[in-house]
């Protein structure tokens, strides 16, 4: 998913160069996904950044089948994207089997792809997978972030709470502000790295139609992928297995995060 506005970053975060050879997070995702067995890459973009993204990824990945989908051409027009659930739905016409979903502006690590991709090819229609990161491995050096905090029973996802204001405090603890409270270092965090059966597109289609009836006039409302998954789980129509990963997440929210991300990527990839 590469259609985000990057408002706090102040530019096209999807093309922020973090690698020693000018690689973006997106480049690392493509390389690691293909190495793990992914056969096709679908990039969900906004129309105004498509040309720039094409110019960047084309020469770097000449042997990879890459298709572009413009999220803003799907559904009613508005100034901001309709949300992550709508982004995935926009790619439906380009996907004919089980598939992964991930953000273009996050670093997930080689072993995350290597663990999830082989399992994704064997998914039955009512089964999905989520990469589960250790909370302590997903925090920036400075500032607060939002994370999906997972409730896990064995290797099964039983709950997912979108939690805001998470940070490592001066006393070494990790706490959140909404909902407020402490979080353990080894709490399981979702970084929006999923594997789905193809039938999820039908559920997203029906869910988006319902969303538009209720919120179509609200410019701030978002049709979010985790909300759809939560509803399917609540109805007993989908189970989600959590695949643990020890990888350290790397990402940027603000411009000041970029140099830190470059140092972390250099240490990880070399």
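Computed from the coordinates by the stated procedures, all read-outs in this text should not be read as laboratory data. Everything numeric in this text was worked out from a predicted model, so none of it was measured. Neighbour counts are summed over all protein chains in view; Cβ atoms, including those assigned to glycine, are modelled from backbone coordinates with ideal geometry.
Among the listed values [x] 47, 24, 16; [y] 25, 24, 20; [z] 30, 23, 16, the one computed from these coordinates for semi-axes √(5λ) of the Cα gyration tensor in Å is [y].
Model label points for residue 110 and residue 40, set 7 angstrom from Cα along the Cα-to-Cβ axis, are 2.8 nm apart. The distance separating the Cα centre of segment 123-161 from that of segment 50-107 comes to 23 Å. Measure out, as a whole number of angstrom, how far apart the alpha-carbon centroids of segment 208-236 and segment 247-270 sit. With segment 208-236 and segment 247-270 each reduced to a Cα centre, they are spaced 32 Å. Projected label points at residue 119 and residue 78, each 7 Å from Cα along the beta carbon direction, are separated by 3.4 nanometres.
With a Förster radius of 22 Å applied to the C-beta separation of residue 174 and residue 234, the computed FRET efficiency comes to 0.20.
Where only DSSP H runs of four or more residues are counted, the chain gives -9500 deg cm²/dmol as its mean residue ellipticity at 222 nm, each run worth -39500 (n - 2.57).
The slack between residue 198 and residue 268, meaning 0.36 nm per residue of separation minus the straight C-alpha distance, is 21.9 nm. For segment 206-270, rounded, prolate or oblate, judged on the Cα gyration tensor with a ≥ b ≥ c (square roots of eigenvalues), a/c < 1.5 rounded, else prolate if a/b > b/c? Because a/c hits 1.5 or more and a/b fails to exceed b/c, segment 206-270 counts as oblate. Within the listed set 172, 251, 97, the residue fluctuating most in the Gaussian network model of the chain (springs between alpha-carbon atoms under 10 angstrom) is 172. Considering only 115, 206, 35, the Gaussian network model of the chain with Cα springs below 10 Å gives its largest mean-square fluctuation to 206.
Distance between the pseudo-spin-label points of residue 17 and residue 153 (7 Å out from Cα toward the beta carbon): 5.0 nm. Ordering 233, 191 from the fewest to the most neighbouring beta carbons within 10 Å gives 233, 191.
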